[in-house]
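Just below is one structure, and these are the notes that go with it.
The values are calculated or read from the model by the stated rules, or taken from the named source; none is laboratory data. If you're wondering where the values come from, they're calculated on a predicted model, not measured in any experiment. Cβ sites come from the backbone with ideal geometry, for glycine too, and all protein chains shown count toward neighbours.
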Amino acid sequence: MGTRCGIMSPYSRLFGDHVRMPESLIAVIDALPYLLQGSMVTLVVVVGAMAFGFALGAPLAVGQVYGHPALRRFITIYVWFFRGIPLLVFLFLFYFGLCSALDINLSAFTVAIIVLGLISSAYQSQIFRGAILSLPEGQLKAARALGMSDFKAILFIIFPQALRLSIPGWSNEYSILLKDSAVTYALGVAEIMARTHFVATRTYQHLPLYFAAGVIFLVLTWVGTKALRLLEEKTRIPGYSPH
Amino acid sequence: MRRKRIWGVVLVLSALLILSATFAMAEEKVYINGIDANFPPFAFVDKSGNPDGFDVKSLDWIAKEMKFKVKHQPMDWDGIIPSLKAKKIDIVASGMSITDERKKEVNFSTSYWKIKQVLVGKKDAKITPEQAMIDGNKIGVQRGTTEAKWIDENLLKKGGKKFELIQYDSAPLAIEDVVNGRIIAAAMDDAPALDAAKKKPVKILGGFGMADEQFGYAIRKDDAEFLKKVNEGLKKLMKSPYWAELKKTYIDK
């Protein structure tokens with residue numbers, strides 16, 4: 001909509017206006033800073049949701065393995081519930097329904113983190129449950145024999161080991177959350193996909209821009225899984241395996 | 001030690017989460033304008049990522065004149081009226097047609113723009129809108145728009161026509177499929193159609209029988225005070241020289 005005087009586009013700043021390149025490339029270069037800002041939004045949403053999901057999911061997993069039968073039943077229903085509802089439906093119900101009914105004014109960004117976090121807590125609880133169940137049963141008995149209470153044994157013996165074992169599961173969860181976060185655009189969260197769409201409708205360069213968005217997602221996935229792999233190696237106890 | 005470090009990380013992450021949540025809630029109260037940023041030239045996002053467009057600049061002027069603060073929030077068109085009713089946004093100044101059905105849900109400002117509904121086809125197409133809308137053809141439209149509803153009710157259901165109506169997320173995506181040849185034409189408002197014709201090998205084929213519509217700003221029913229303020233500002237804007245300037249910058253280009 002008309003170039004604005006004084007503000008140079010990223011493209012002209014880099015190459016100058018006399019260098020001719022295909023329209024598609026110019027559109028991508030011009031959009032890149034804006035899209036990368038969006039990837040920060042995406043990352044904050046994903047990391048926030050993972051942290052929130054972890055804070056809820058870890059106790060749920062412990063409860064599901066060691067808890068009272070009634071508690072176990074409740075957690076099973078919880079997991080079924082949050083794994084069963086499509087993300088978009090849940091986002092709409094929470095944002096338009098629950099927030100208005102309770103008259104709390106949460107921003108779309110906050111709702112995105114909460115909803116993704118709740119769904120992630122259900123998945124993360126199962127990652128943890130698997131990790132806890134893969135530990136030999138004798139460990140808990142041995143801890144008890146040493147005089148530890150159940151709570152202490154779980155917190156100091158089971159939990160740290162299960163945490164290490166869940167890291168590979170986490171990288172799965174991270175890459176799924178990363179892509180799920182694109183759906184939050186429906187509420188107006190300005191993450192990568194929303195921004196790609198905005199630029200594409202202005203410039204009519206849909207394919208090159210979606211291609212660029214795909215590359216950004218690939219890089220983010222690589223960075224995240226690499227970081228978790230490093231964490232896995234860092235937290236491994238040399239020469240020790242639970243089995 | 002290791003254990004402590006892990007809990008430290010968890011603690012920091014939760015603190016960050018809470019912090020971000022409180023930041024989001026502590027924002028100063030300003031009127032939020034929900035826009036469909038996929039609707040150039042009325043509302044879109046400029047190169048540096050700021051909301052721009054005919055409606056955005058109009059409302060900015062009105063806000064300055066009537067002394068209120070406004071922020072433009074890009075969002076999905078499908079959720080725009082629910083958002084308004086749920087008080088997530090306070091106004092929709094984003095090329096919304098005034099219809100009786102929408103009037104049941106929200107109030108509208110005085111109208112500020114007349115639009116025609118047109119069909120857009122390939123640049124080299126030698127067909128009239130009637131020829132495009134024959135049985136078996138595919139016609140594209142943006143989901144949730146007045147034209148989508150009108151075509152479905154009047155041409156398909158009552159009119160007995162048997163072309164296929166393909167619903168898109170936005171009008172530019174429908175244009176994309178016109179260029180690809182997946183659909184023969186796309187129905188949309190004339191202003192975005194002109195915008196598309198400047199950027200893509202497409203042209204306006206003509207109208208398809210839908211009556212002209214008026215654009216207005218949508219405001220919540222219980223916000224009568226705000227509606228009055230906006231109407232007063234809009235009246236001033238349309239009399240000011242800035243109005244012609246806006247038209248020149250965004251529409252007639």
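Is the range B:152-170 home to any residue that is in contact (Cβ under 8 Å) with a residue 60 or more places away in the chain and touching a strand residue (DSSP E or B) at 6+ places or on another chain (Cβ under 7 Å)? Checked the range B:152-170: at least one residue is in contact (Cβ under 8 Å) with a residue 60 or more places away in the chain and touching a strand residue (DSSP E or B) at 6+ places or on another chain (Cβ under 7 Å). Across the range B:165-186, which residue is farthest from B:G136 (Cα to Cα) among those that are charged (D, E, K, R) and part of a loop (DSSP other than H, G, I, E, B)? Result: B:D169. Looking only at residues in the range B:184-199 that are touching a strand residue (DSSP E or B) at 6+ places or on another chain (Cβ under 7 Å) and among the acidic types (D, E), the one that is farthest from the other protein chains (Cβ to nearest Cβ) is B:D190.
Beta carbons closer than 6 Å, at least 6 apart along the sequence or on distinct chains, pair a first residue in the range B:226-245 that is more than 15 Å from B:D55 (Cβ to Cβ) with a second that is part of a helix (DSSP H, G or I) for B:K229/B:M66; B:K236/B:E65. Of the residues making up the range A:56-106, those that are in contact with a helix residue (DSSP H, G or I) (Cβ under 6 Å, 6 or more places away or on another chain) and without any contact (Cβ under 8 Å) to a residue 60 or more places away in the chain are A:G63, A:L71, A:R72, A:I75, A:V79, A:F82, A:R83, A:F90, A:F94, A:F96, A:L106. Among the residues of the range B:200-253, what is the count of those that are in a helix (DSSP H, G or I) and within 14 Å of chain A (Cβ to nearest Cβ)? Residues meeting the conditions: 7. Taking the range A:50-163 as the region of interest, the helices (runs of 4 or more DSSP H) fully inside it that hold 1 or more residues being at the interface with chain B (Cβ under 9 Å from one of its Cβ atoms) and under 22 Å from the mean Cα position of the chain (by Cα) are A:87-92, A:108-133.
Suppose we filter A:L155, A:L220, A:L231 for residues that are surrounded by 18 or more Cβ atoms within 10 Å (Cβ to Cβ) and either among the basic types (K, R) or out of contact with any Gly (no Cβ under 6 Å at 6 or more places or on another chain) (or both); which single one remains? When all the criteria are applied, what remains is A:L220.
Screening the range B:78-99 for residues that are more than 10 Å from chain A (Cβ to nearest Cβ) and assigned to a helix (DSSP H, G or I) and picking the one that is surrounded by the most Cβ atoms within 10 Å (Cβ to Cβ) gives B:L84. Could we say that B:A196 is over 15 Å from B:N107 (Cβ atoms), buried (at least 19 other Cβ atoms within 10 Å of the Cβ) and in contact (Cβ under 8 Å) with a residue 60 or more places away in the chain here? For B:A196, the condition - over 15 Å from B:N107 (Cβ atoms), buried (at least 19 other Cβ atoms within 10 Å of the Cβ) and in contact (Cβ under 8 Å) with a residue 60 or more places away in the chain - is met. Against the list (1) exposed (fewer than 15 other Cβ atoms within 10 Å of the Cβ); (2) at pLDDT below 90, the condition B:A21 fails is (1).
Of all residues in the range B:144-155, those being buried (at least 16 other Cβ atoms within 10 Å of the Cβ) and either over 23 Å from B:K114 (Cα atoms) or charged (D, E, K, R) (or both) number 1.
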